[in-house]
Amino acid sequence: MSGVDNWLEEGGPLEPEDFVDSGDAVGPSAEVQLAERTADLQRLQAEYANYRKRVDRDRQLIAENATYRVLAPIIEVLDTIDRAREHGEVDEGGFKAVADQLQAVVTGLGLTRFGEPGDAFDPNLHEALSHMGTDPEVDVVTCKHIAKAGYKIGDRVVRAAQVLVVDPVEG
């Protein structure tokens, strides 16, 4: 019976001789033990590095989701400001200052606007509300009119641009 077995039976503290087998077999050499401990340490370091990467990635995702949840409802306010600009109601005065400040804040948080007349239609970015026929000036399905601009945060589409499209003339 080894010293460890004795300790388990007796419940006493471990002593250095408890780890040495009293039989004729010789334990692993110091070099082998060092190699084993080095491999263990390298595995632990790799696990820790992976853990840190995972935590950093999760933190970034949480921040992006929080930004998305805050900015998504504000898009309707931006649409109202766009309609007011189209009618010349935001040309000057206090409302222009508020509109400009709101635009600066949402841009600073990463919200970007997209969708312009002449853009090639991309179903990942655009929602086609209607086809307006054909246009000899285009080579691909193209956004002719933007009903509502689209918005993205980074590469994530918050809202697709709502567009009216034209097809190229076949021939």
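The values are calculated or read from the model by the stated rules, or taken from the named source; none is laboratory data. It should be emphasised that the depicted structure is a prediction, and the values quoted were computed from it without experimental measurement. No Cβ is skipped: glycine too gets one built from the backbone with ideal geometry, and neighbour counts run over all protein chains shown. Calculation scope for accessible area: heavy atoms of the full protein, side chains included, ligands and nucleic acids excluded. Shrake-Rupley method; radii C 1.70, N 1.55, O 1.52, S 1.80 Å.
Tabulated values for the structure
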quantity	calculated
Sole exception among (1) surrounded by fewer than 13 Cβ atoms within 10 Å (Cβ to Cβ); (2) closer than 25 Å to LYS152 by Cβ; (3) of a type outside the set (D, E, K, R) for GLN103, by number	(1)
Selection within the range 145-163 - closer than 21 Å to THR80 by Cα and of a type outside the set (Val, Ile, Thr)	HIS145, ALA147, LYS148, ALA149, GLY150, TYR151, LYS152, ARG159, ALA160, ALA161, GLN162
Checklist (1) over 24 Å from the mean Cα position of the chain (by Cα); (2) more than 17 Å from LYS148 (Cβ to Cβ); (3) open to solvent by 80 Å² or more (accessible area, probe 1.4 Å) applied to ARG69, failing item	(1)
LEU71 being at pLDDT 90 or above, touching a strand residue (DSSP E or B) at 6+ places or on another chain (Cβ under 6 Å) and of a type in the set (A, V, I, L, M, F, W, C)	yes
Condition broken by HIS87, with the remaining ones in (1) open to solvent by 90 Å² or more (accessible area, probe 1.4 Å); (2) in contact (Cβ under 8 Å) with a residue 60 or more places away in the chain satisfied	(2)
Answer from ILE62, ILE81 - the residue that is open to solvent by less than 60 Å² (accessible area, probe 1.4 Å) and either among the hydrophobic types (A, V, I, L, M, F, W, C) or at pLDDT 95 or above (or both)	ILE81
Residue in the range 113-121 that is at negative phi, assigned to a loop (DSSP other than H, G, I, E, B), at pLDDT 90 or above and loosely packed, with under 13 Cβ neighbours inside 10 Å present	yes
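Yes or no, residue by residue, for (1) of a type in the set (A, V, I, L, M, F, W, C); (2) assigned to a strand (DSSP E or B); (3) at pLDDT below 95:
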{"residue": "HIS131", "(1), (2), (3)": "no, yes, yes"}
{"residue": "THR134", "(1), (2), (3)": "no, yes, yes"}
{"residue": "GLU137", "(1), (2), (3)": "no, no, yes"}
{"residue": "VAL140", "(1), (2), (3)": "yes, no, yes"}
{"residue": "TYR151", "(1), (2), (3)": "no, yes, no"}
{"residue": "VAL157", "(1), (2), (3)": "yes, yes, yes"}
{"residue": "GLN162", "(1), (2), (3)": "no, yes, no"}
{"residue": "ASP167", "(1), (2), (3)": "no, yes, yes"}
{"residue": "GLY171", "(1), (2), (3)": "no, no, yes"}
